[in-house]
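Colleague: Take this structure, written in structure tokens, and hold onto it; I'll ask about it next.
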Amino acid sequence: MTATALLPGPASADAVLAGLDPEQREVATALRGPVCVLAGAGTGKTRAITHRIAYGVHSGVYVPQHVLAVTFTARAAGELRTRLRALGVGGVQARTFHAAALRQLSYFWPQTVGGQPPRLQEHKAPLVAEAASRLRLSVDRAAVRDLAAEIEWAKVGLLVPQTYAEAGRRAGHAEPGGFDLATVARLLEVYEQVKTDRGVLDFEDVLLLTVGILQEYRHVAEAVRSQYRHFVVDEYQDVNALQQRLLDLWRGERDDLCVVGDPSQTIYSFTGASPAHLLEFTRRHPGAAVVRLVRDYRSTPQVVALANGLLARTGGRGSPGRLELVAQRPPGPEPTLTAYEDDVAEAAGVAGRVRELIAAGTPASEIAVLYRTNAQSEPLEQALADAGVPYLVRGGERFFARKEVRDAVLLLRGAARGGIGDGTLGDAVRSVLTTLGWTPQAPAAAGAVRDRWESLQALAALADDLAVQDPEAGLGQLVAELDERAAAQHAPTVQGVTLASLHAAKGLEWDAVLVVGLSDGLVPISLAEGWDAVEEERGLLYVGVPRAREHLHLSWARARAPGARPSRHPSRFLEGLLGQVP
């Protein structure tokens, strides 16, 4: 008796198909040849592909050990394995691209290169910092983070130092980490030297070296292709050029490939992801079966209608694969859009709405507050703490745990004790923050540099708020206020409301979702230049909306701080969606 037969699950192949809707069944029974599944949010794509694999195994078409399913997060890979076990299927390899490549690299390295492969360096920061030091570049933590992200973008795009600068210019990359593209190209070269000197690999090397071994050693490619004969790729819209190259080498001439994705949910182009692989699948694979999953089982018709409306107002990128979702759940409450006078009022209003939801029976763990940038979390954290609502910050540090904030509070405390600071409280605070790199104008660069500036700007805005409330307030009062806020926000929380960026929320769902900060300049973010960049911002909001099963509340603020001039406007993406925008 095989290990597969010992697992609990359906007694027959037909039992695997029970309960699938017609489109999911079409996916599950398309066992041969290239298959492209266009699957919207909440349409049961994971159910469809796991039942496809299980049906193939139970019907005798697939041998479990010959199936490789790849996705982008360890959590998603674990979910695939769990569902397959529940369907009575064991032995299928469900891994991330990196995990699958690392396994192969570790096995074949001794046979090809000899010895053991270099040690994997999980974080680039120390390597980037050393490379910068060798070039005598002055970098801080934020610059190192930006440069590390740029190195990753270059490597997954199969760029080398000689081709990087021109590609960076075409992609509109503006001074990563504060350095011109020619300097970053030199840094790329020295970064590779540092890795060689230390005898380490980074995560992109795992993919690059696996590609190299498969290309150079025919017997390795044949061994891999003998082992894996059926491929499933989830979240295919997020594949980059390097991952696509690896997938092609795994497959060889075989066309038994099933890809699943939604081009409208491409939100990682800054890491090299491109929806082109999904949108051009049928051109590269003539005769491929195309199945559209559009029955949304997650969200109410009201939430689904808003999600559809967001995409209906664009006709460019992603339109060939745009999906019109059809809600399957009973009706629920209408989504709301609320305008607040300023960010502080918005945070307080959101906290009040959260308390109402909890009082009405929605568990705190089934509520999420989503925003565009991590720097927006501070007033929300404070408002929830003031309201006595437990919360968790997902995908980012708590505001007061960020290094730049801790450094700023330390300097402000020293300035307060020394009686330093002339002019208004805002002037005194900005004078201190300038020593940490704060500037009156937001930096043009995105990523960590912008996040760092936003954090420091939030402290400056807090000083302005305090000065409005108490014109006599000085640095001492501000430091005391910061201490109180930090203490309240460091209370332990286990089950609470989720605070997360829109990026970090992808793949998750809650009963109630509140999306905040929906003003032009935040959504779309002011750094988004050009049609494609703005439309990716629309896609980011589209990703956030169907995270909600039932309750969806949107909001924006007319001004940043209390008493400030109301210069903001609601996001252009909301026009015509919720009646008269307040």
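Colleague: Label points 7 Å out from Cα along the Cβ direction at HIS123 and GLU509: separation in nm?
Modeller: Output for this residue pair reads 3.5 nm.
Colleague: List the lysines whose Cα sits under 18 Å from the Cα of LYS45, skipping any in the same chain fewer than 8 residues away.
Modeller: Straight-line reach from LYS45, under 18 Å: LYS506.
Colleague: R0 = 45 Å: FRET efficiency of THR82 with LEU135, Cβ-based, nearest 0.05? List each step's numbers first, then the result.
Modeller: Details: r = 47 Å, r/R0 = 1.04.
My answer for the efficiency is 0.45.
Colleague: Another question, if that's okay. With a ≥ b ≥ c the root eigenvalues of the C-alpha gyration tensor of the range 100-154, is it rounded (a/c under 1.5), prolate (a/b larger than b/c) or oblate?
Modeller: prolate
Colleague: Let me ask something else about it. Would you work out if the range 15-75 is rounded, prolate or oblate? Take a ≥ b ≥ c from the square roots of the eigenvalues of the alpha-carbon gyration tensor; rounded if a/c is under 1.5, else prolate when a/b is larger than b/c, oblate otherwise.
Modeller: Judged from the Cα gyration tensor, the range 15-75 comes out oblate (a/c at least 1.5, b/c at or above a/b).
Colleague: Continuing with this model, one more query. Reachable lysines from LYS195, Cα under 26 Å, same-chain residues fewer than 8 places away excluded?
Modeller: Within the straight-line cut-off, LYS195 pairs with LYS124, LYS155.
Colleague: Something else about it: Each residue of the range 344-356 in order: what ³J(HN,Hα) in whole Hz does its phi give by Karplus 6.51 cos²θ - 1.76 cosθ + 1.60, θ = phi - 60°, with x for Gly and Pro?
Modeller: Whole-Hz 3J(HN,Hα) from phi for the range 344-356: 5, 5, 5, 4, 5, x, 5, 4, x, 5, 4, 4, 4.
Colleague: In whole Hz and in residue order, list the ³J(HN,Hα) couplings for the range 172-181 that follow from phi through the Karplus curve 6.51 cos²θ - 1.76 cosθ + 1.60, θ = phi - 60°; x for Gly and Pro.
Modeller: Per residue, the Karplus-derived 3J(HN,Hα) values read x, 6, 9, 6, x, x, x, 10, 5, 5 Hz.
Colleague: Additional query: How much accessible area per residue does the range 47-146 have, counting only protein heavy atoms and a probe of 1.4 Å, in square angstrom?
Modeller: Details: 4550 Å² over 100 residues.
Here the per-residue accessible area is 45 Å².
Colleague: Another one. What do you reckon, how do SER264, SER138 stack up by accessible area (1.4 Å probe), largest on top?
Modeller: SER138, SER264
Colleague: ALA339: net charge of surrounding residues, Cβ under 11 Å, Lys/Arg +1, Asp/Glu -1, itself excluded?
Modeller: Local charge sum for ALA339: -1.
Colleague: Another question about this same structure. Quote the relative contact order of the range 230-328 in percent (integer), defining contacts as alpha-carbon pairs under 8 Å separated by 6+ residues.
Modeller: Computed over the range 230-328, the figure is 31 percent.
Colleague: At a probe size of 1.4 Å, how large is the accessible area of VAL184, to the nearest 10 Å²?
Modeller: Number for this one is 0 Å².
Colleague: Which whole number of Å³ per residue matches the convex hull of the alpha-carbon atoms in the chain?
Modeller: Normalising the Cα hull of the chain by residue number yields 168 Å³.
Colleague: Could you work out the relative contact order of the range 42-192, using alpha carbon pairs under 8 angstrom and six or more residues apart, expressed as a whole percent?
Modeller: Dividing the mean separation by the residue count of the range 42-192 yields 16 percent.
Colleague: For the pair ALA305/ALA241, report the inter-label distance in nm, with labels modelled 7 Å from Cα in the Cβ direction.
Modeller: 4.5 nm
Colleague: Turning to a different aspect of this structure: Helix 301-312 versus the longest principal axis of the chain: what angle, 0 to 90°, nearest 10, using Cα atoms?
Modeller: Its long axis makes an angle of about 90 degrees.
Colleague: Excluding ligands and nucleic acids, what accessible area in Å² is computed for PHE203 using a 1.4 Å probe, to the nearest 10?
Modeller: So the heavy atoms of PHE203 present about 70 Å² to solvent.
Colleague: Quick one: which residues, 5 or more positions from TYR340 or on another chain, have an amide H under 5 Å from its amide H? H modelled 1.01 Å from N in the peptide plane, none for Pro or chain starts.
Modeller: Placed amide hydrogens put TRP556, ALA557, ARG558 under 5 Å from TYR340.
Colleague: If we sort 323-333, 343-353 on the protection proxy, mean other Cβ atoms within 10 Å, highest first, what's the order?
Modeller: So the order, starting with the most tightly packed, is 343-353, 323-333.
Colleague: Continuing with this model, one more query. Multiply the residue gap between THR271 and GLU189 by 0.36 nm, knock off their C-alpha separation, and tell me the result in nm, one decimal place. Show your work: numbers first, answer last.
Modeller: Numbers: separation 82, 0.36 × 82 = 29.52 nm, distance 1.94 nm.
That pair, THR271 and GLU189, stretches by 27.6 nm at full extension.
Colleague: What do you get when you divide the Cα radius of gyration of the range 39-100 by 2.2 N^0.38 Å, with N the number of residues? Could the numbers behind the result be given before it?
Modeller: Values: Rg = 11.2 Å, N = 62, 2.2 N^0.38 = 10.6 Å.
Compactness ratio reported: 1.06.
Colleague: Also: Normalised by the number of residues in the chain, what is the relative contact order in percent for Cα pairs under 8 Å and 6+ residues apart?
Modeller: 17 percent
Colleague: Using the Karplus equation 6.51 cos²θ - 1.76 cosθ + 1.60 (θ = phi - 60°), what ³J(HN,Hα) coupling, rounded to whole Hz, does each residue of the range 521-527 give in order, writing x for Gly and Pro?
Modeller: After applying 6.51 cos²θ - 1.76 cosθ + 1.60, I find x, 10, 9, x, 5, 4, 6 Hz.
Colleague: Roughly how many nanometres apart are two label points built 7 Å out from the Cα toward the Cβ at GLU324 and GLU175?
Modeller: Inter-label distance under the simple model: 4.8 nm.
Colleague: Per 0.36 nm of contour for each residue apart, how much would the distance between GLU529 and ASP14 grow if the chain were fully extended, relative to their Cα-Cα spacing?
Modeller: The span from GLU529 to ASP14 would gain 180.3 nm if fully extended.
Colleague: Which residues' amide hydrogens lie under 5 Å from the amide hydrogen of GLY40, considering only partners 5 or more residues apart or on another chain, with H built in the peptide plane?
Modeller: Result for GLY40 returns LEU293.
The values are calculated or read from the model by the stated rules, or taken from the named source; none is laboratory data. Keep in mind it's a predicted model, so treat the numbers as computed, not measured. Note: ideal-geometry Cβ built from the backbone for every residue, glycine included; neighbour counts use all protein chains shown. Remember, those area values only see protein heavy atoms, side chains included, never the ligands or the DNA or RNA. Shrake-Rupley method; radii C 1.70, N 1.55, O 1.52, S 1.80 Å.
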